[in-house]
């Protein structure tokens, strides 16, 4: 190899190494910038009315004659059903369950020999409907059943009314968008305070939706909530 060719080769190597060094430095700089980030949370919280309700109307009968007890239970079940129909509840939404009868003298443990009534029957008439306003109005007239001699059971857990919100998939997109916008506003404020520019989203976690009662007095009003976690890059 002559001296001219060697010189050209040397110049080429130097230029190549310089270019490689420049590219490497640029890549390192970009990687360093990518490492700078801020993690923020965005909240979306909305109130919605329940769109379905399960309302168990439960009552208790007691007596010593089992046949008479069944007849009394059936009679009061019909009274409850007619009351519900009069309140505007559709018949297809009403289900009369089988009575749960307890024989106190046949129980495993003794001590019940002096009971006044040997048998007791717990009966549940269940309303399952999307007509929540009608059910809530009917609840305000339950004293009419008491006046007719129906011994309503309101303390049992099985008699607890359950209000449900089933339209979560409908409201999800708008709530996720609101949470994302909220998160970006927080991230932009942080970037401005740190003399940086907010970059692209590095990673994001939508978060879990939760549905809860607004308060114990208004179980038909639901609070739907989601918290999204988003990580943004920061650029100088």
Exercise. Within the bounds of the range 68-82, is there any residue that is within 29 Å of the chain's Cα centre (by Cα) and surrounded by fewer than 17 Cβ atoms within 10 Å (Cβ to Cβ)?
Worked result: no
For this session: Could you check, for the range 102-116, whether at least one of its residues is outside the structural domain of residue 222 (by TED's automatic domain parsing), surrounded by 13 or more Cβ atoms within 10 Å (Cβ to Cβ) and in a loop (DSSP other than H, G, I, E, B)?
Result: yes
Exercise. Is it the case that the range 214-222 has a residue that's closer than 28 Å to residue 55 by Cα, within 13 Å of the chain's Cα centre (by Cα) and surrounded by fewer than 15 Cβ atoms within 10 Å (Cβ to Cβ)?
Worked result: yes
For this session: Please work out if residue 53 is part of a helix (DSSP H, G or I), surrounded by 11 or more Cβ atoms within 10 Å (Cβ to Cβ), touching a strand residue (DSSP E or B) at 6+ places or on another chain (Cβ under 7 Å) and modelled with pLDDT of 95 or more.
Result: no
Exercise. Among the residues of the range 166-187, is any in contact with a strand residue (DSSP E or B) (Cβ under 7 Å, 6 or more places away or on another chain) and free of Cβ contacts under 8 Å to residues at least 24 places away in the same chain?
Worked result: no
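For the range 174-181, state whether one or more residues are surrounded by 14 or more Cβ atoms within 10 Å (Cβ to Cβ), more than 16 Å from residue 76 (Cα to Cα) and touching a helix residue (DSSP H, G or I) at 6+ places or on another chain (Cβ under 8 Å). Even if it seems obvious, please write down each step before you answer.
Pass one, the range 174-181, residues surrounded by 14 or more Cβ atoms within 10 Å (Cβ to Cβ): 175-176, 178-180.
In the following step, the residues that additionally are more than 16 Å from residue 76 (Cα to Cα) were identified as 175-176, 178-180.
This time we only want the ones that are touching a helix residue (DSSP H, G or I) at 6+ places or on another chain (Cβ under 8 Å), so: none.
No, every residue in the range 174-181 fails to be surrounded by 14 or more Cβ atoms within 10 Å (Cβ to Cβ), more than 16 Å from residue 76 (Cα to Cα) and touching a helix residue (DSSP H, G or I) at 6+ places or on another chain (Cβ under 8 Å).
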Seminar exercise, completed: Given (1) in a strand (DSSP E or B); (2) within 28 Å of residue 48 (Cβ to Cβ); (3) in contact with a helix residue (DSSP H, G or I) (Cβ under 9 Å, 6 or more places away or on another chain), residue 95 misses just (3)
Exercise. What is the number of the single condition among (1) modelled with pLDDT under 95; (2) out of contact with any strand residue (DSSP E or B) (no Cβ under 8 Å at 6 or more places or on another chain) that residue 78 does not meet?
Worked result: (1)
For this session: For the range 151-163, indicate whether the set of residues that are farther than 24 Å from residue 133 by Cα, in the same structural domain as residue 100 (by TED's automatic domain parsing) and either surrounded by 12 or more Cβ atoms within 10 Å (Cβ to Cβ) or touching a strand residue (DSSP E or B) at 6+ places or on another chain (Cβ under 7 Å) (or both) is non-empty.
Result: yes
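The values are calculated or read from the model by the stated rules, or taken from the named source; none is laboratory data. Worth saying up front: this structure is predicted, and the values here are computed from it rather than measured. With ideal geometry, Cβ positions are generated from the backbone for all residues, glycine too; neighbour counts draw on all protein chains shown.
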